[in-house]
Amino acid sequence: MPSDLKISAEVRNAIEDLELFGEESLYISRVEENIKKGSSLSKQGQLEALYTRYGNCQNCALGSTRKKIVFGTGSLDFKVLAIGEGPGYEEDRQGLPFVGKAGVLLDKILASINLDRKTNVYIANIVKCHPMRDPAQPDLRGNDRAPTPEEMFSCRPILDQQIEILQPPLILCLGSVAAKNLLNSSQGVSQLRGKVYDFAYPVSGKKVPLLVTYHPAALLRNELLKKDVWHDMKVLRDLIAKL
Ligand code: SF4
């Protein structure tokens, strides 16, 4: 293990989990060594190296059915890293996160506090390939599902490397799947939102504030959630003002 990198408790837990999966050293080789290799490059260069490395990823079953891998998008001069659960139908086709109806709503929500993916937000997902209820029907709309724990586990090294490269000053979890995964919690989004958490970077252990709000797709289903999301955006705006 390189001596200049600290392993956080989260990574140690992940390594213990990996033992259950029979892949003891996977985390270190994927995350820590990759970060060390790319550390002499610019952020853009490190991201390009990361995306090249995983461009043909087949580390879980989602790799065999995706049309396009969806790593993330946004400004490298960002204030907030927004993290959703995974690509849906439109995202799978365009290779970009949050581009369907939920994406349009997300852009409006962000704009309410002067955030924009072109200038001050970076957007990524927990998994980078499209989870489908019925993978035999990839062109069926409404075939999306949440990623399984195994898929999230397989894909997490990519997000962890994105976090270490991007060094987000603030993290916003969009929805229950992202919140539970990043906070290692079994609670739902309605219980997790409304608080500011300390999130430790997966390898370096650096701590930054993390906030949880509803996934924009949930708002499309239930407009009553808008009030809570607006409250969350005001908290996020106050955190940004302190940066
Ligand atoms: S979801 Fe992640 S781990 Fe699975 S194939 Fe896609 S990039 Fe690889």
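The values are calculated or read from the model by the stated rules, or taken from the named source; none is laboratory data. Here the structure is a predicted model, which is why all the values come from computation and not from measurement. Neighbour counts run over all protein chains shown; Cβ positions are idealised from the backbone, glycine included.
Observations on the model:
- Among the candidates PRO97, PRO87, residue that is buried (at least 22 other Cβ atoms within 10 Å of the Cβ), modelled with pLDDT of 95 or more and out of contact with any His (no Cβ under 9 Å at 6 or more places or on another chain): PRO97
Okay, residues lined up against (1) within 16 Å of the ligand (Cβ to nearest atom); (2) out of contact with any strand residue (DSSP E or B) (no Cβ under 9 Å at 6 or more places or on another chain); (3) part of a loop (DSSP other than H, G, I, E, B):
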| position | (1), (2), (3) |
| --- | --- |
| GLY103 | no, no, no |
| LEU106 | no, no, no |
| LEU115 | no, no, yes |
| ALA124 | yes, no, no |
| VAL127 | yes, yes, yes |
| HIS130 | yes, no, yes |
| PRO138 | yes, no, yes |
| ARG141 | no, yes, yes |
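- Residue, farthest from ALA146 (Cα to Cα), within the range 50-63, restricted to residues that are more than 8 Å from the ligand (Cβ to nearest atom) and free of Cβ contacts under 8 Å to residues at least 12 places away in the same chain: THR52
- Residue in the range 186-206 that is under 22 Å from ASN59 (Cβ atoms), touching a strand residue (DSSP E or B) at 6+ places or on another chain (Cβ under 8 Å) and not small (Gly, Ala, Ser) present: yes
- In the range 149-167, the residues that are of a type outside the set (Phe, Trp, Tyr) and within 10 Å of the ligand (Cβ to nearest atom): GLU150, GLU151, MET152, SER154, CYS155, ARG156, PRO157, ILE158, LEU159
- Sole residue being of a type outside the set (Phe, Trp, Tyr) and surrounded by 22 or more Cβ atoms within 10 Å (Cβ to Cβ), chosen from ASP134, ASP116, ASP160: ASP160
- From the options SER3, SER39, residue that is exposed (fewer than 15 other Cβ atoms within 10 Å of the Cβ) and modelled with pLDDT under 50: SER3
- Selection within the range 179-219 - hydrophobic (A, V, I, L, M, F, W, C) and part of a strand (DSSP E or B): VAL196, PHE199, ALA200, VAL208, LEU210, LEU211, VAL212
- Candidate set: the range 177-207, residues that are surrounded by 17 or more Cβ atoms within 10 Å (Cβ to Cβ) and basic (Lys, Arg); chosen: the one nearest to the chain's Cα centre (by Cα): LYS180
- Looking across the range 95-104, the residues that are under 18 Å from the mean Cα position of the chain (by Cα) and in contact (Cβ under 8 Å) with a residue 12 or more places away in the chain come down to GLY95, LEU96, PRO97, PHE98, GLY100, ALA102, GLY103.
- Candidates ASP92, ASP134 - the one that is assigned to a loop (DSSP other than H, G, I, E, B), over 11 Å from the mean Cα position of the chain (by Cα), closer than 14 Å to LEU62 by Cβ and without any contact (Cβ under 8 Å) to a residue 60 or more places away in the chain: ASP134
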